[in-house]
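Data block below; observations after.
The values are calculated or read from the model by the stated rules, or taken from the named source; none is laboratory data. Computed from a prediction, not measured in an experiment: that's the story for all the values here. Cβ atoms come from the backbone with ideal geometry, glycine included; neighbour counts cover every protein chain shown. We work out accessible area using only protein heavy atoms, side chains counted, and drop any ligands, DNA or RNA first. Shrake-Rupley method; radii C 1.70, N 1.55, O 1.52, S 1.80 Å.
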Amino acid sequence: MAGRQRQRLLLENAEQLVLVCGRREPCLRREGAAGLAVLRGASLVVGLDGCIKAVGQADVIRDQFLEATFERIIDCSGKCVLPGLVDAHTHPVWAGDRVHEFAMKLAGASYMEIHQAGGGIHFTVEHTRKATEDELFTTFQHRLERMLRAGSTLVECKSGYGLNLETELKMLRVIERAKKSMDIGISSTYCGAHAVPKGKTATEATDDIINNHLPKLKELKLSGEIHVNNIDVFCEKGVFDLESTRRILQAGKDIGLQINFHGDELHPMKSAELGAELGARAISHLEEVSDEGIVAMARAKCAAVLLPTTAYMLRLKQPQARKMLEEGVIVALGSDFNPNAYCFSMPMVMHLACVNMKMSMNEALAAATINAAYALGKSDTHGSLEVGKQGDLLIINSSRWEHLIYQFGGHEALINYVIIKGKVVYENERCETMSSY
Ligand SMILES: N=CN[C@@H](CCC(=O)O)C(=O)O
Ligand SMILES: [Zn+2]
């Protein structure tokens with residue numbers, strides 16, 4: 001009987017325990033995302049296997065586990081428990097920051113002007129090609145730790161600053177190493193079509209990816225060396241057009257990768273229509289998506305990964321989150337951490353989504369938990385506090401969970417514990433003294 005066994009963790013008597021959902025929903029849409037499941041005066045148990053064993057009213061859990069022993073008990077009185085946040089879009093492996101380009105953009109240069117002049121992604125590619133695997137791993141590890149301290153427990157991580165096979169594989173090996181050695185969950189994405197490498201046409205780059213990169217990834221998967229989850233393309237005017245994008249994504253799908261790509265960011269490309277047709281799991285950006293594309297994504301259950309930091313940073317038109325939500329699109333969020341948009345924090349991303357994209361706080365939290373997990377094909381194990389799911393949790397030092405969004409940039413003093421598979425991986429002592437101010 002579970003109630004008599006040894007368990008890993010008991011979180012006792014939380015003021016609010018935010019389940020997000022409670023009926024094994026794979027994602028939340030429309031009113032599902034508008035009203036989240038929240039318990040008051042509740043407790044949660046994680047077992048030795050790292051999975052949630054029970055969630056419910058504190059007195060019920062106390063009776064049920066009267067004879068159990070726990071490796072750790074945390075008194076959550078006056079605090080809130082939430083699922084670990086899921087960041088559905090990041091580019092965290094690179095060398096060479098682009099602070100100088102931030103200054104250029106503030107002075108009026110556009111993202112594409114800098115890219116076409118050989119900067120932007122090309123600048124980062126040059127530096128990433130020169131960096132050793134260990135150098136890339138060290139900075140990547142620090143970035144993941146910063147994401148973790150901001151509440152992310154599952155993160156999508158892309159390659160894409162190599163463009164040639166050698167450096168793309170170097171980046172993917174770095175990601176694989178972190179998958180094996182770090183607590184934070186990682187969904188890895190091959191993004192060799194992030195830009196057209198210097199000296200090649202888009203067609204030549206597409207052929208190289210299909211004939212050389214993808215067969216190598218298949219081989220490395222079979223040998224167990226690198227296991228990639230998703231395939232990505234930057235489908236954009238002056239980068240990869242719709243036809244090249246289609247060829248690359250289809251070839252990725254054929255070797256078992258989930259389609260999850262950049263579309264309709266700076267120009268309307270009909271990326272959403274293409275993604276829906278190909279059975280994409282998710283499309284990111286979508287600032288310039290068409291009305292037909294929105295309807296097609298809703299029908300195909302293709303998640304929209306919205307990236308508020310990018311729209312804010314580049315002063316783009318905001319993606320039409322409200323229209324997407326009303327049409328029944330699965331809306332997820334990502335930080336888009338990269339040398340252009342240097343933000344690790346999903347709480348800040350949720351805040352921007354609320355203010356700039358007019359999402360409610362409930363919708364933003366659903367988008368940063370269950371729907372982001374859906375975008376990565378992981379909502380059966382992540383994204384909500386339900387029995388059987390992985391025990392990835394946050395405890396915040398506040399009696400209302402909405403403080404995580406409301407306090408813009410305040411998460412450093414608010415996030416008290418980050419827990420993965422029932423193990424405390426970050427404990428923030430400063431929080432006790434600071435968060436009430
Ligand atoms: N738009 C394409 N890719 C990234 C930016 C990458 C970069 O500029 O280094 C994005 O999602 O914002
Ligand atoms: Zn991106």
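Yes/no matrix, rows are residues, columns are (1) among the polar types (S, T, N, Q); (2) in a helix (DSSP H, G or I); (3) not assigned by TED's automatic domain parsing to the domain that holds Arg8:
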{"position": "Ala366", "(1), (2), (3)": "no, yes, yes"}
{"position": "Gly388", "(1), (2), (3)": "no, no, no"}
{"position": "Ile395", "(1), (2), (3)": "no, no, no"}
{"position": "Ser399", "(1), (2), (3)": "yes, no, no"}
{"position": "Ile405", "(1), (2), (3)": "no, yes, no"}
{"position": "Ala413", "(1), (2), (3)": "no, yes, no"}
Find the residue count for region 6-21, including only residues that are open to solvent by 20 Å² or more (accessible area, probe 1.4 Å) and in contact with a Leu (Cβ under 8 Å, 6 or more places away or on another chain).
3
Give the residues of region 155-207 that are within 24 Å of Arg281 (Cα to Cα) and of a type in the set (Asp, Glu), sorted by residue number.
Glu156, Glu168, Glu176, Asp207
May I ask you to say which residue of Gly96, Gly41, Gly78, Gly108 is without any contact (Cβ under 8 Å) to a residue 12 or more places away in the chain, at positive phi and either of a type in the set (Gly, Ala, Ser) or in a helix (DSSP H, G or I) (or both)?
Gly108
Quick check, is Ile186 among the hydrophobic types (A, V, I, L, M, F, W, C) and either surrounded by 24 or more Cβ atoms within 10 Å (Cβ to Cβ) or touching a His at 6+ places or on another chain (Cβ under 6 Å) (or both)?
no
So, in region 48-67, exactly how many residues are in contact with a Lys or Arg (Cβ under 8 Å, 6 or more places away or on another chain) and among the β-branched types (Val, Ile, Thr)?
1
From the options Pro268, Pro319, Pro308, residue that is within 16 Å of ligand 1 (Cβ to nearest atom), over 23 Å from Asp87 (Cβ atoms), without any contact (Cβ under 8 Å) to a residue 60 or more places away in the chain and not small (Gly, Ala, Ser):
Pro268
Please list, ordered by first then second residue, the pairs with beta carbon atoms under 9 Å, 6 or more apart or interchain, first in region 212-224 and open to solvent by less than 60 Å² (accessible area, probe 1.4 Å), second β-branched (Val, Ile, Thr) and in a helix (DSSP H, G or I).
Leu214/Ile248
Test Asp207 against the stated conditions and say whether it is out of contact with any Phe, Trp or Tyr (no Cβ under 6 Å at 6 or more places or on another chain), open to solvent by less than 80 Å² (accessible area, probe 1.4 Å) and within 16 Å of ligand 2 (Cβ to nearest atom).
no
So which of Ile114, Ile61, Ile74 ends up being within 16 Å of ligand 1 (Cβ to nearest atom), open to solvent by less than 80 Å² (accessible area, probe 1.4 Å) and of a type in the set (Val, Ile, Thr)?
Ile114
Pick from Thr310, Thr245: which is in the same structural domain as Met112 (by TED's automatic domain parsing), within 12 Å of ligand 2 (Cβ to nearest atom) and not in a strand (DSSP E or B)?
Thr310
Would you please list the contacts, defined by Cβ atoms under 6 Å and residues six or more apart or on different chains, that run from a residue in region 189-203 that is in the same structural domain as Ile283 (by TED's automatic domain parsing) to a residue that is in a strand (DSSP E or B) and among the aliphatic types (A, V, I, L, M)?
Tyr190/Ile231; Ala193/Val233
Out of the residues in region 130-143 that are away from ligand 1 (no atom under 16 Å from the Cβ) and touching a helix residue (DSSP H, G or I) at 6+ places or on another chain (Cβ under 6 Å), state the one that is least open to solvent (accessible area, probe 1.4 Å).
Phe137
Those residues of region 287-305 which are in contact with a Leu (Cβ under 8 Å, 6 or more places away or on another chain) and either more than 12 Å from ligand 2 (Cβ to nearest atom) or over 26 Å from Met348 (Cα atoms) (or both), in sequence order:
Glu287, Glu288, Gly293, Ala304
Across region 157-175, what is the total count of residues that are within 20 Å of His382 (Cα to Cα) and either in contact with a Lys or Arg (Cβ under 7 Å, 6 or more places away or on another chain) or open to solvent by 10 Å² or more (accessible area, probe 1.4 Å) (or both)?
0
Going through Glu288, Glu292 one at a time, which residue ends up being within 16 Å of ligand 1 (Cβ to nearest atom), open to solvent by 10 Å² or more (accessible area, probe 1.4 Å), over 12 Å from the mean Cα position of the chain (by Cα) and on the phi < 0 side of the Ramachandran plot?
Glu288
Matching entry among Ala33, Ala95 (being touching a His at 6+ places or on another chain (Cβ under 7 Å), surrounded by 15 or more Cβ atoms within 10 Å (Cβ to Cβ) and of a type in the set (Gly, Ala, Ser)):
Ala95
Give just the number: which of (1) of a type in the set (Gly, Ala, Ser); (2) open to solvent by 10 Å² or more (accessible area, probe 1.4 Å); (3) in contact with an Asp or Glu (Cβ under 6 Å, 6 or more places away or on another chain) does Ala300 not satisfy?
(3)
